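Working notes, beginning with the structure itself.
Every number here is computed from the coordinates shown, using simple stated rules; none is lab data. Values in this document were obtained by computation on a predicted structure and should not be read as measured data. Here Cβ is always computed from backbone atoms with ideal geometry, including for glycine, and neighbour counts include all displayed protein chains.
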Amino acid sequence: MARQFLFRDRAGAGRVLGGILKPVIPGGDLIVLALPRGGVPVGFEVAEALHADLDVFLVRKLGVPGQEELAMGALASGGVRVLNEKLIEHLGIPDSVIDQIAAREQREIERREHLYRDGRSPQPVQGRTVILVDDGLATGATMLAAAIAVRESRPKQIVVAVPVASRETCDDFRKRVDRVVCAATPEPFSAVGEWYEHFTQTTDEEVQQLLARAAREHRPRDVGVI
C-alpha cells in the first residue's frame, strides 16, 4: 500500500497550519517563535498567514551518550534545562556528563542565535501572544523546554502549534500551555518525518534567508499586508 503523506513539505505544512490558526487565534500583538531548523519554514508560513512577527527560539536536544538520537532532555535559550529524570536514573548517567553535554549544546545555541539573526535583536515577548511552532511533535521534549523558557518572559499567552503530532504528546501539552493546535494526530505515530513527502534537513542558510525575508516584509497589521 502506498504511503499516504499528509504534507508535501514544511512550507506546505505551514500553509495548512496557518489556515487552521487564522480563525482561532484572536488578532492583536502576535509573535511566531519557530524552533530551528525544521520549524522555521513552517513558522514563516504561519507568520505570513497571521501577519505576525517571526523569530527563532533556540532549543537543543540533550542526547544520551552513545545514543544521541535518544533525548534525555533539552536545553533552551536562557539556559532553561528540562531533563527526563526517569531515563537518566535508569541509564545511570552522572550529573557531570549531563553538565558537559549541556555546556556543549549551550555553545551551539549561542552560535546559531548569532548566525540566524545576523545582528537583529531578539523580538520582545512580554505581554504578547506567542505561537511556538515546529514541524511536528514526537516526544515533545524540545517544545516543552521552549514553553518553559518562554513562560519566564511573561507573555500574554503561549500557543503550541504544529502540523503533526502524536496524540498523546498533543494532549499532554494542553496541560502545559494556554492553547494547543495540532493539525493532525495520526495513529500509529512513530516519527514526524514519515508524514511528509519531502523531509530533507533544513539548512542554516534557509533559516537565515527566511528570517531576513520576514524582517524585510513584515508590516504593521493595520497596513493590510496580504
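Results, tabulated for the structure shown:
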read-out	value
Degrees, to the nearest 10: 204-217 long Cα axis against longest axis of the chain	30 degrees
Under 5 Å, built H, 5+ apart or other chain: amide partners of Arg8	Ala13, Glu197
Candidate lysines - alpha carbon under 19 Å from Lys86, same-chain residues fewer than 8 apart omitted	Lys61
222 nm mean residue ellipticity, helices alone, for the chain (DSSP H n ≥ 4; -39,500 (n - 2.57); rounded to 500)	-12000 deg cm²/dmol
Straight-distance crosslink candidates among lysines, where the alpha carbon sits under 17 Å from Lys156 and sequence neighbours closer than 8 are dropped	Lys175
Charged-residue dipole, Cβ positions (Lys, Arg, Asp, Glu), the chain about Cα centre, Debye nearest 20	600 debye
Longest exposed-site-free window of the chain, the sites being GluC sites (Glu not before Pro) in a DSSP loop that have at most 14 other C-beta atoms within 10 Å	1-151
For the chain, diffusion coefficient by Stokes-Einstein and Kirkwood Rh (Cα), 37 °C, 0.692 mPa s, µm²/s	184 µm²/s
